[in-house]
Amino acid sequence: MSVSRRGFIKLLGAGTAAMGLSRLGIDLSPTQAYAAGLKIEGAKESISICPFCSCCCNVLVHAKDGKIINVEGDPDYPVSGGGLCAKGASLKSLHNSPERLTKPLYRAPGATKWVEKDWDWMMERIARRIKDQRDRDFMPKNAAGAVVNRLESVFHLGSSQVSNEEAAVLHQMIRAFGIVHFDHQARICHSPSVPALAECFGRGAMTNHYSDLANSDAVLIMGSNCAEHHPMTFRWINMAKEKGAVVVHVDPKFSRTSARSTYHVPIRSGTDIAMLGGMIKYILENKKYFEEFVVNYTNASFLVGEKYSFKDGMFAGFDAAKGKYDKAAWAFEKDAAGMVKRDKTLAHPRCVINVMRDHYSRYDLDTVSSVTGVSKADLLKVYEAYSATGKPDKAGSFVYALGWTQHSVGVQNIRMSGLIQQLLGNVGNAGGGIAALRGEPNVQGTTDHALLYGYLPGYHSTPTANYPTLGDYLKAYTPKSADPMSVNWWQNRPKYVVSLLKSWYGDNATKENDFGYSWVPKMDPGEDYSHLYIFDRMYKDKIKGGLCFGHNPCQSIPNSNKVRKAWDKLDWLVIGEVFHNETTDNWRRPGIDPKKVKTEVFLLPSAYRAEKAGTVSNSGRWQMWHYKCAEPLGKSRNMGEMFVEIMNRVRDLYNKEGGAFPEPITKADYPAKFDAEAVAMRVNGTFTRDTTIGGKLYKKGQLVPGFPNLQVDGSTSSMCWVYCGGYTEEAGNLAKRRDLTQTPMQAKIHLYPKFAWVWPMDRRILYNRASVDVNGKPYNPEKAVIAWENGKWVGDVPDGGQPPMAMKGGVYPFIMQTEGHAQLFGPGREDGPFPEHYEPAETPLKVNPFSSQMHNPVMKVIKSDMDQLAKNGDPRFPIVLTTYSLTEHWCSGSETRNGPALLEAEPQQYVEMSHELAKEKGVKNGEVVIVESLRGKTQAVAMVTVRVKPFTIMGKTVHLVGMPFCFGWTKPKCGDTTNRVTVSVGDPNTSIPEYKACLVNVYKATKVTEL
Ligand code: SF4
């Protein structure tokens, strides 16, 4: 009998259970057979993917008579091994929920109820609305007279929920319309990850992958409660712990992650840089760093230019009038040939490592302890445990999520882990790296496809008005290195940009017309078009209409009182959703007279994940195919179909009537119908004509085998170069691979190299050339990722196929960095080359003991009559508020609050507070309280707990409270969003809002619904 692995697991499971019971003399096999038959007999089984966290658990979906009757974890998915958390276990009830949107709904201006309409009526009117608005407001030039060809009065928000293929056609459509106010959930969850990780290593993604965490000797979890919010992560962390790894959880509150860790170390929210700055000082002073790695693979030996300085919290180059740094002041010193000067002895005082030592010399135990609230003993315990991984055969991993990103220093929080990992040599190796636990699925893939204003798909900056031609643009963004040992992979950017333009405009993109570059909208240089600014401009009547797919900003954006007022001001709104939520129904929120809300709303019912096919990418960059398991419920449709129909209807109108700058729309090479498989091929890319590369002929229409084959002359197209290689002529759609075979070397480190496909080029561990010495010998042969054997690399796909550094033709390991080295000193970020501790925008302190610069000097602060900030140490608001997710609800909760079991487990808004604070406020556990800030107030049930404790900060008691961010007014009918009190302040690099630290006060409610 031939048995598949899944079949084998099922038989084994049944056999094991039967064996156990048969020992008791009970034969249950007839009962088991009967029960199994009842459940899924006659059902069609397909594979889908959980639509919640970025663990992307694969699920087996059973459908019968068109209805989903069973969902269970897929045991073949290496990350989960068949496990599901509460959300995944609720997928059947969520898909079949009577609360689902199943018909297109229309709300006329001033109407008090929804009216059902058919798709045709809705689509026709939506296309008309978009075209009329575009024709009215299209801007051929900006105020300075530069050509911009953009539309500012319309926005697009969302959607991290769509597949990669839906994202690809959505991005193409948004650029064709000229929209620049274009943003999605990555902005508010992980936007800092890209600039932080890219500045350190070259790419903005999680370095390793979930199952690799089992290889760690130490795991430092900061800014994440992964046992509850990315539960499958903890499967691998537990495995590491069972093998002897130390697991440290640094977090303001005790959680299930803390309970399963070796230590929990409470920290005041917003002080992570201070704590880790102390660790850098400890590592450098106690020579805990991995010197060979540091000298050869990082920029520790580079000489920082003489213009650089750091004085009292400010880096050199600050322009007070502009409120920005001039980064030229942070440049490296170069020789006449353009090579960066280096001192590999590390003796020169301007070597990066010495400048770094000076910088963190102020982070002594006393100061760090007094600012963070962490005892000196705990600091030392963490520093010692983690820095023990700075040895060739040891590996440590950082794990973070929104607890790090959602700060006015979000990028520099993450950079801090990058600095420590470089010092300890924990990059590229098994069990090392930085686990950026992404939020929603598919936020990794949709970030790769750039549903954000600042990038084009594949991490190319969006063109700005100061680059009028493609040549100007490519010159500005194509780095050059004088060092022959640096691969400097971004020198290939022109090939990827031209291939992208070919994919958008097909035969209409020619060399003569700059491949259609003038049709891509241009932003104003330095302008910010992200969430905080979109809502501020909407509030100030500068935005008239928009599209919002799979996103709930009226619940999830800070200062929601202002956000909701801004939303009221729109003339028209198109929303694609699975359920009603605070955004779809904002016009009828409590306290509002719908008759006074002028917005015309088109609410389009969306298919849910198991009702459509396509790919999503987990945090570890695994691109995986999910199948259509059942027809969409009612009249719902997948979003890809909606985007394609909207674009084609608008195009029809332009073809018929003409209008403002029609070329980007009429000349687009856009599918007539949405077909995920066909778009997946477009994403990978094809040859646009017969082309010979390296003596091999590729015929027109053939799939490009990988991005090294993309061309600059227009002979190839690809909608996103990093995904090129995932769909080939030889192997087909590699995202569908389910092959679990591995070599013994690969199996030792849980590499699973043949399961699905991973960008880039199926490389499972990024920067893996740093896991070997300059001769290609693994630093840790027991957990080798790659090795140079007999003149070739074995193991994982090497990060650059050239020989090891010391050999002829050898290159540096960080191929995406211009100079080939990981960057301890990062001269490219807005707020400094080294992370520095600044207090959050609202702080209970009156002084910052590290400098007289209280806050990040270049943080983004939104100003309006609804955007007040409490002053430093404001006695009216003495309590620090932090926010978080729950296992049972995902993000804004707009889906999971429709799951009866999930809602039963976590039924209402609450605020966690210490016994000490509760006593001070006269509040008892379970009583209703008001949480208030300068922006507004919200109501919650008090959860008085030992999970949060008062901190002693600079000799004073500072209380911290925590609230989940998943509740809203639509359901359950008690309380509202935490974001009524949070601040509109953002990190200077990405404008991610500071959700994780603002000032509030708490008092007992005198009546329920006191809002
Ligand atoms: S929410 Fe995350 S951990 Fe839970 S089942 Fe879904 S993908 Fe898996």
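Couple of notes before you dig in:
- Exposure of Asp326 as accessible area (Å², to 10), given a probe of 1.4 Å and all protein chains: 90
- For region 755-797, the Stokes-Einstein estimate of translational diffusion at 10 °C and a viscosity of 1.306 mPa s comes to 147 µm²/s, using the Kirkwood hydrodynamic radius over alpha-carbon pairs.
- Tail weight of P(r) past 17 Å, computed on alpha-carbon pairs of region 486-531, percent: 50
- Cα-based reach from Lys87 at 22 Å (exclusive), listing lysines while leaving out same-chain residues under 8 positions away: Lys39, Lys67, Lys612, Lys628, Lys971, Lys973
- Working from the Cα coordinates of the chain, the gyration tensor eigenvalues give, after taking √(5λ), semi-axes of 37, 35, 34 Å in decreasing order.
- Taking region 684-755 and dividing mean pair separation by its residue count, relative contact order in percent (alpha carbons under 8 Å, at least six apart): 26
- Extension gain for Lys973-Thr102 works out to 311.3 nm (0.36 nm per residue, less the C-alpha to C-alpha distance).
- Cross-link partners of Lys699 among lysines, defined as those whose alpha carbon lies under 17 angstrom from its own and excluding same-chain residues fewer than eight positions apart: Lys502.
- Span from the region 962-996 Cα centroid across to the region 530-564 one, whole angstrom: 13
- Cross-link reach list, aspartates and glutamates versus Lys344, counting only Cα pairs under 17 Å and skipping chain neighbours closer than eight places: Glu291, Glu292, Glu333, Asp335, Asp483, Asp773, Glu819
- Charged side chains reduced to their Cβ positions (Lys and Arg at +1, Asp and Glu at -1) give the chain a dipole of some 760 debye around its Cα centre.
- Projecting label points 7 angstrom from Cα along Cα→Cβ for Glu292 and Asp393 puts them 1.3 nm apart.
- The relative contact order of region 650-772, computed from alpha carbon pairs under 8 Å that lie at least 6 residues apart in sequence, is 18 percent.
- Inter-centroid distance (Cα atoms) of region 353-374 relative to region 840-893, Å: 22
- Counting DSSP beta bridges with both ends in the chain, the antiparallel % (nearest 5): 60
- Amide H to amide H distances under 5 Å link Glu152 with Met139, where only residues 5 or more positions off or on other chains count and H is placed in the peptide plane.
- Under the Karplus curve 6.51 cos²θ - 1.76 cosθ + 1.60, θ = phi - 60°, whole-Hz ³J(HN,Hα) for region 899-906, x wherever Gly or Pro sits: x, x, 5, 5, 6, 5, 6, 10
- Phi angles of region 274-289 translate, via the Karplus equation with coefficients 6.51, -1.76, 1.60 and θ = phi - 60°, into HN-Hα couplings of 4, 5, 6, x, x, 5, 4, 4, 4, 4, 5, 5, 9, 6, 8, 7 Hz per residue; Gly and Pro are given as x.
- The heavy atoms of Asp669 present about 60 square angstrom of accessible area, all protein chains included, probe 1.4 Å.
- As computed over region 289-431, the Cα convex hull volume per residue (Å³): 151
- Other residues lying with their Cβ under 11 Å from the Cβ of Asp669 contribute a combined charge of +2, Lys and Arg counting +1, Asp and Glu -1.
- Note on region 744-823: Lys pairs 8 or more places apart or on different chains, Cα atoms under 23 Å apart, count 9.
- Once both labels are positioned 7 Å from their Cα atoms along Cα-to-Cβ, the gap between Glu512 and Ala336 label points is 4.7 nm.
- Reciprocal of mean inverse Cα separation for region 565-694 (Kirkwood radius, Å): 18.3
- Per-residue extension of 0.36 nm, minus the Cα-Cα distance of Asp118 and Lys846, leaves a gain of 256.2 nm for this segment.
- Percentage of interatomic Cα-Cα distances in region 689-761 larger than 19 Å: 43
- When peptides 492-500, 343-351 are ranked by their average number of other Cβ atoms within 10 Å per residue, the highest-first order is 492-500, 343-351.
- The relative contact order of the chain, computed from alpha carbon pairs under 8 Å that lie at least 6 residues apart in sequence, is 17 percent.
- The spacing between region 723-780 and region 245-298, judged by their C-alpha centroids, is 29 Å.
- Solvent-accessible surface (1.4 angstrom probe) belonging to Lys700, in square angstrom, nearest 10: 140
- Formal net charge of residues neighbouring Ala806 (Cβ-Cβ distance under 13 Å; K, R +1; D, E -1): +1
- If you take all other residues with their beta carbon under 10 Å from the beta carbon of Val797, and give Lys and Arg +1 and Asp and Glu -1, the sum is -1.
- With the simple spin-label model, which puts each label point 7 Å out from Cα in the Cβ direction, the Thr1006 to Lys808 separation comes to 8.8 nm.
- Chain lengthening between Lys39 and Lys777 when straightened (0.36 nm per residue, less Cα-Cα): 260.4 nm
- Ranking of Lys480, Lys64, Lys792 by solvent-accessible surface, largest first: Lys480, Lys792, Lys64 (1.4 Å probe, protein heavy atoms only, all chains present).
The values are calculated or read from the model by the stated rules, or taken from the named source; none is laboratory data. Only a predicted model underlies this, so the values are computations on that prediction, with no experimental measurement involved. No Cβ is skipped: glycine too gets one built from the backbone with ideal geometry, and neighbour counts run over all protein chains shown. Heavy atoms of the whole protein, side chains included, go into the accessibility calculation; ligands, DNA and RNA do not. Shrake-Rupley method; radii C 1.70, N 1.55, O 1.52, S 1.80 Å.
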